[in-house]
Amino acid sequence: MVSWTSFSVAAAIVGLAVVLQGCGGGGGATTTSAPKPTVKPTVKPTEKPKPTATTTTAPVDPACVPKKGQLPSCLCQKGYVDKCTASGSEGACFNTDDTDWQCWSPAKAETDEYCTSLNFAGACEYKGHVASYTHEADVPPCKNVTNFKSQCNPPQDHWGACYDDTNQWKCISADQKENVMKGDCQVQQSLADPNSGFKGVCKFSDAPQVLYKCDSVPSYVSEGAGACGEGTESACFATETGINWLCGELANLPENCVTLQIDPGKPDTWSGACLYKGADGYNKAQKYPSPAHSLEVV
């Protein structure tokens, strides 16, 4: 006979076993949840203000800004050299690449719309944008060009020159003067820069060079180092001391000493020509000017 007490004890034992099993008893593995990592809010670094972009605009040549109602200058278009002659063209339909232009004569003028309809970039003019001279006397003398020295020497062999800021001028003969007087120098390819034309045209003087009395030149020495030898009639001289003169007979005097290089390959030229006492024409030769006066170049 099972007493109530016994039954109660047994039930308590069973209940304890159930409790122990629920708590991981009975040999089962105890599982624990890993703590979740703390997520910290992302802090963006303070961004430095971006520098403001600056743009520089190349200065615009006023000559390249067309006046109202006029076409732009052909000399302001890319690749303009050797496309048309200024002497035979009023203007042109131009391209911005290296392809040919369509030149039009002075008797025919075209519009920008006409040129673009033919797939050109536009229309431009030569007239009014190149230096043109009607009279030969109006052509600037080459001696007045800033960097004129020994280009096209002797100048008496040439009518004039297409000039620029370098020593590489293009010498012009008399039979070419008509076209260059109408502006052709400015559209012909410069010898120094294939992308530019010459700045203009100048004319050499056909007058004989000025002759001075040698003993009036400040650097003159009558004897010793640097002196010309006995029997010398004339010389190309330098006003700087220490330079031996180019001495010789009058018949062999160069036609224009001031354009003759002292040393080949160097730009420096002689200061002038002079005559020695006893030479034919000495009495008519001029006295070398004082420093306050400029030396005449022909």
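Coordinate-derived values only; no laboratory data. For clarity, every value in this text was computed on a predicted model and none was experimentally measured. Positions of Cβ are backbone-derived with ideal geometry, glycine not excepted, and every protein chain shown enters the neighbour counts.
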Open item on the list: Can you compute the label reach from S173? Point 7 Å from Cα along the Cβ direction, backbone N cut-off under 20 Å, restricted to segment 139-161.
Closed with: 151-161
Task: Neighbour-count ranking [beta-carbon atoms within 10 angstrom, fewest first] of L191, L260 - done: L191, L260
TODO: Just rank Y114, Y282, Y163, Y126, fewest to most, by other beta-carbon atoms within 10 angstrom.
DONE: Y114, Y282, Y163, Y126
Task: Point-to-point label distance, A192-K68, nm (Cα→Cβ direction, 7 Å offset) - done: 4.0
Open item on the list: Among A251, A227, Y212, which residue has its Cα furthest toward the positive end of the charge dipole of segment 211-284, with +1 on Lys/Arg Cβ and -1 on Asp/Glu Cβ?
Closed with: Y212
Task: Sequence-distant aspartates and glutamates (8 or more away, or on other chains) whose Cα lies within less than 19 Å of K67 - done: E90, E110, D112, E113, E125
Task: Total charge dipole magnitude, segment 99-152, about the Cα centre, Cβ charges on Lys, Arg, Asp, Glu only, Debye to nearest 20 - done: 380
Task: Charged-residue dipole, Cβ positions (Lys, Arg, Asp, Glu), segment 136-203 about Cα centre, Debye nearest 20 - done: 160
Task: Cα gyration tensor shape for segment 63-125, rounded if a/c is under 1.5, else prolate or oblate - done: rounded
TODO: Using packing as a proxy for protection, rank 129-139, 221-231 so that the peptide with the highest average count of other Cβ atoms within 10 Å comes first.
DONE: 129-139, 221-231
Task: Model label zone, K277; criterion: amide N under 20 Å from point 7 Å along Cα-to-beta-carbon; scope segment 205-223 - done: 211-223
Open item on the list: Apply the Karplus curve 6.51 cos²θ - 1.76 cosθ + 1.60, θ = phi - 60°, to the phi angles in segment 183-194 and return the couplings in whole Hz, x for Gly and Pro.
Closed with: x, 5, 4, 6, 10, 8, 4, 5, 6, 9, 9, x
Task: Residues C247, C171, sorted so that the one with the fewest Cβ neighbours within 10 Å comes first - done: C171, C247
- [ ] Between I243 and K284, with labels modelled 7 Å along Cα→Cβ, what's the label distance in nm to one decimal, could you check?
- [x] 2.8
TODO: Measure up K78/K170; K68/K127; K78/K177; K143/K203 against 20 Å on the Cα-Cα distance and list the ones that go over.
DONE: K78/K170; K78/K177
TODO: Assuming a ≥ b ≥ c are the square roots of the Cα gyration tensor eigenvalues, decide whether segment 215-298 counts as rounded (a/c under 1.5), prolate (otherwise, with a/b larger than b/c) or oblate.
DONE: rounded
- [ ] Apply the Kirkwood formula to segment 156-283: the hydrodynamic radius equals the inverse of the mean of 1/r over all pairs of different alpha-carbon atoms; give it in Å with one decimal.
- [x] 16.7
